[in-house]
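The structure follows.
Derivation of every value follows stated rules applied to the coordinates shown; laboratory data play no part. Just so we're clear, the structure is a prediction, and the values are computed from it rather than from any experiment. With ideal geometry, Cβ positions are generated from the backbone for all residues, glycine too; neighbour counts draw on all protein chains shown.
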Amino acid sequence: MLALLSRILLALRSTFEVRAAREAEILVLRQQLLVLSRKSRKRVRLRNIDRLILVWLSRLFPTAMDAIVIVKPETVLRWHRRGFRAYWRWKSWRRGGRPRIDRELRALIRRMSRENPTWGAPRIHGELLMLGIDISESTVARYMVRTCRAPSQGWKTFLRNHAAGIASIDLFVVRTISFKLLYGLVVLSHARRRLVRIAVTSNPTAEWIAGQVTEAFPWNEAPRYLIRDRDGSFGTAYTRRIRAMGIRDHPVAARSPWQNGHVERLIGSIRRECLDHVVVFSEGHLRRILKAYAAYYNEIRTHLSLDKDAPYSRCSQTAGAIAAMPILGGLHHQYVRI
C-alpha cells in the first residue's frame with residue numbers, strides 16, 4: 001500500500017515538474033518578446049510563414065491571443081480574413097468567364113494578323129469560322145498582333161501584285177568554237193519567272209528583235225511594261241512595234257544592269273548551268289542547246305522565288321520507284337516516279 005502511494009506521489013510530482021517547466025519556458029518567451037518590443041526601434045518585419053503560424057495558433061488556442069505582443073490581436077484577425085478571401089479566390093479560379101483557347105489557335109490568330117496587315121478582327125473571325133473554329137470576335141481581337149503603324153502591305157506583296165504586267169528582254173553574247181560571235185535573246189515574264197522566248201542570231205537588228213517580241217506575246221497577252229537596257233540594237237523599229245502592241249518601253253538607267261535584275265539573273269543561270277559546260281559549233285547548235293535548256297527551265301527546274309516549284313507548275317509524285325532522266329546529255333537530270 002505504501003509502495004503504491006509513493007508511486008502515485010512521484011507521478012504527480014513529475015507531472016507538476018513538467019508543467020512548471022513548460023510554464024517557465026512560456027514566461028521566458030513572453031519576457032523576451034517584451035524586451036524585443038521595448039528595445040526595437042524599427043518595426044518588426046514578419047514573413048508570410050510567421051503570419052500563418054500566428055493565425056493557426058490563434059484559431060486552435062484562442063487563449064493564446066493574450067500572449068501575442070509584437071502585433072495586435074486585430075492584426076491577426078485581419079490576416080485570417082485576408083487568407084480566407086485568398087483561399088476562396090484560388091478555389092474559384094478558372095471556374096467562370098471565358099474558356100482559355102489553345103496555344104496553336106493563338107499562334108494561328110497572330111499569324112493571320114501578321115500575314116494580312118489590312119485585316120481586322122471581323123475578317124479574321126470570319127476566316128476562322130470557315131475553318132470550323134468557333135470563337136468570339138472579341139477573343140480574336142485580343143490575340144491579334146498590335147502595330148503602331150497604319151495597316152499596309154509589304155513591298156514583297158506590292159511587287160508580286162504588279163509582276164503579272166511586267167516583262168524583261170535582254171541580249172547576251174556567245175562565242176563559237178571558231179570565235180564567231182552569236183547573240184542570244186531572252187524574254188522573261190516576271191509573274192512566274194517564265195522564259196517566254198529565247199532566240200539566236202548573228203546580227204541583232206531592231207526589226208529582228210521586234211519580230212521576236214511579236215512572236216513571244218500574242219496581242220491579248222502582252223505585258224503592260226517591258227524592261228530593257230540601253231543597247232543600240234533596240235532601235236526605232238522596236239519601239240514602234242511595242243507601242244503598237246500597247247506595251248510601254250522602259251529602258252533602265254545608263255550602266256545600271258541591276259535595274260533589270262530578273263533577266264540578268266536568268267542570263268547568269270543560262271551561262272552557269274549550260275553554256276559554261278559546252279562548246280558551241282554553230283548557230284543551229286546553239287539554238288538546239290538553248291531550246292533544250294528553255295524546256296528544262298520552264299518545266300522542270302525548281303525556283304526559290306516560286307516556293308521550290310517550276311514556272312509551269314509540277315505535280316508532286318508519291319508512288320512508284322524513282323528514276324533519273326538525263327537532260328542536255330546528262331548535264332542535268334529530272335527525277336520521276338515510274
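Taking H placed 1.01 Å from N in the peptide plane, check which residues at least 5 places from Arg197 or on another chain put their amide H under 5 Å from its amide H.
Val187
Any chance you could get the radius of gyration and Dmax over the Cα atoms of segment 190-265, in Å?
12.2, 33
Follow-up. With only Lys, Arg, Asp and Glu charged, each at its Cβ (+1 for the first two, -1 for the last two), find how big the charge dipole of segment 166-313 is about the Cα centre; round to the nearest 20 debye.
About 100 debye.
Over the alpha-carbon set of segment 166-313, divide Rg by the Kirkwood Rh and report the Rg/Rh ratio to two decimals.
Taking Rg over the Kirkwood Rh, I get 0.95.
If you don't mind, another one. In Å and whole numbers, how far do the C-alpha atoms of segment 182-225 stretch along each principal axis, longest first?
29, 20, 14
Remind me, what semi-axes does segment 103-146 give for its equivalent ellipsoid, largest first in whole Å, using sqrt of 5 times each Cα gyration tensor eigenvalue? Spell out each step's value before the answer.
Details: eigenvalues 37, 25, 19 Å².
Semi-axes from the Cα gyration tensor: 14, 11, 10 Å.
Another question, then. In what sequence do Ser113, Ser152, Ser282 fall when counting other Cβ within 10 Å, fewest first?
With the sparsest Cβ surroundings first, the list reads Ser152, Ser282, Ser113.
So, one more: For segment 111-202, run through the chymotrypsin sites (Phe, Trp or Tyr not before Pro) and keep only the ones in DSSP coil with at most 15 other Cβ atoms within 10 Å of their Cβ.
Of the chymotrypsin sites (Phe, Trp or Tyr not before Pro), the ones in loops of segment 111-202 whose Cβ has at most 15 other Cβ atoms within 10 Å are Phe179.
What per residue convex hull volume, in Å³, do the alpha-carbon atoms of segment 289-331 yield?
Each residue corresponds to 85 Å³ of Cα convex hull volume.
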